[in-house]
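Peer 1: I'd like to ask you about the structure that follows.
The values are calculated or read from the model by the stated rules, or taken from the named source; none is laboratory data. Not measured: the values here are computed from a predicted model. Note: ideal-geometry Cβ built from the backbone for every residue, glycine included; neighbour counts use all protein chains shown.
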Amino acid sequence: MPETSKSIVIGAAPEGASDQRSASRAVREMFTSIAPRYDLLNHVLSFNVDRMWWRRTARAFRHILTRPDARVLDLCCGTGDMTFALRGQAGKSSPQILGADFSHAMLQRATAKSSVAQNGSGPGCIPNWIEADALNLPFPSAHFDLVTSAFGFRNLTDYDAGLREIVRILRPGGECGILDFGEPKGAKGALYRIYFKQVLPRIGTMISGVRGPYAYLPASVERFPPPEEMLARMKRAGLVEATWTPYTFGIAGLYRGKR
Ligand SMILES: C[S@@+](CC[C@H](N)C(=O)[O-])C[C@H]1O[C@@H](n2cnc3c(N)ncnc32)[C@H](O)[C@@H]1O
């Protein structure tokens, strides 16, 4: 990473936001506005590939999830699909799984899905939900064995502060997994970009009835650091064994690191 970029705060900056506080408020309001249609839109716009990405991410941490004493936090959990995928990998063992998000409306959906899962479930844990800001988490230091975040980390208004907070709450030896969008290269990448920047915002706006969020999505992916820079930031925050694994030609990818 170039020396000059070290001191610059980088993070999500929705259009019209003038500082970090207003950016954070804009992000929360944006997700709250699309919460009622969020799941439907996710599955339609990703052709259901999102389910595969969540499952693949959860599988990567099976060695932690099958430990009954494990404490797991899914940050920026939204309506809880990543959290439920983690629970799925836990099988019959019952680690403590917690989903955290700062949008009340998103958590209401997660809670409703939990009740359905609880009714139809066999043995295993049911996730708990907590309303909290990922940049200021209400947990003691060195508490979790695993922290994940799917498509949420990119929306933080300060990526380095987000990474520092993850490192703070991880136990020594604990792991983190950040699943987020990437920018695929080559001819497939060029085709995908037409879909992502031209088609997806139109369909998203049409189904959600809200204009901003689906224009913000491609812009936020463009702002997100490329893998080599993100890995350098992870290492600087105190994570070791930092890696990035592309999913589906690099449309998405999983960052992993250990405290
Ligand atoms: C794109 S959704 C992802 C939801 C879910 N993880 C998934 O894979 O579908 C991003 C979520 O991050 C949440 N979020 C963004 N910034 C946050 C912050 N600073 N603290 C907590 N949640 C945040 C939003 O409220 C939203 O629910």
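Peer 1: Quick one: which residue in 126, 166, 130 is outside any helix (DSSP H, G or I), in contact (Cβ under 8 Å) with a residue 12 or more places away in the chain and within 13 Å of the ligand (Cβ to nearest atom)?
Peer 2: Matching residue, one of 126, 166, 130: 130.
Peer 1: Something else: Which condition from (1) within 23 Å of residue 69 (Cβ to Cβ); (2) within 13 Å of the ligand (Cβ to nearest atom); (3) surrounded by fewer than 17 Cβ atoms within 10 Å (Cβ to Cβ); (4) not charged (D, E, K, R) is the one that residue 108 breaks?
Peer 2: Every condition holds for residue 108 apart from (1).
Peer 1: Continuing with the same structure: Given the conditions (1) away from the ligand (no atom under 11 Å from the Cβ); (2) under 25 Å from residue 229 (Cβ atoms), report the number of the one that residue 52 does not fulfil.
Peer 2: (2)
Peer 1: For residue 17, which of the numbered conditions (1) under 15 Å from the mean Cα position of the chain (by Cα); (2) in a loop (DSSP other than H, G, I, E, B) fails to hold?
Peer 2: Status for residue 17: all satisfied but (1).
Peer 1: Could you say whether any residue in segment 58-79 is farther than 19 Å from residue 135 by Cβ and within 12 Å of the ligand (Cβ to nearest atom)?
Peer 2: The answer is yes; a qualifying residue exists.
Peer 1: Can you confirm whether segment 79-89 contains a residue that is touching a residue at least 24 places away in the same chain (Cβ under 8 Å) and farther than 30 Å from residue 213 by Cα?
Peer 2: Yes, segment 79-89 has at least one match.
Peer 1: Considering only residues that are assigned to a strand (DSSP E or B) and among the polar types (S, T, N, Q), which ones fall in segment 135-163?
Peer 2: Hits for segment 135-163 are 136, 148, 149.
Peer 1: Right, another one. What is the number of the single condition among (1) aromatic (Phe, Trp, Tyr); (2) at negative phi; (3) surrounded by 20 or more Cβ atoms within 10 Å (Cβ to Cβ) that residue 139 does not meet?
Peer 2: Against the list (1) aromatic (Phe, Trp, Tyr); (2) at negative phi; (3) surrounded by 20 or more Cβ atoms within 10 Å (Cβ to Cβ), residue 139 comes up short only on (3).
Peer 1: Continuing with this model, one more query. Please go through segment 30-77 and pick out each residue that is over 20 Å from residue 127 (Cβ atoms) and assigned to a loop (DSSP other than H, G, I, E, B).
Peer 2: 46, 47, 48
Peer 1: Kindly list the number of the only condition in (1) closer than 24 Å to residue 93 by Cα; (2) touching a strand residue (DSSP E or B) at 6+ places or on another chain (Cβ under 8 Å) that fails for residue 116.
Peer 2: (2) is the only condition that residue 116 fails.
Peer 1: Would you mind telling me which numbered condition in (1) surrounded by 15 or more Cβ atoms within 10 Å (Cβ to Cβ); (2) more than 9 Å from the ligand (Cβ to nearest atom); (3) touching a residue at least 24 places away in the same chain (Cβ under 8 Å); (4) hydroxyl-bearing (Ser, Thr, Tyr) residue 46 fails?
Peer 2: (3)
Peer 1: Name every residue in segment 152-189 that is of a type in the set (Lys, Arg) and modelled with pLDDT under 95, in order of residue number.
Peer 2: Matches in segment 152-189: 185, 188.
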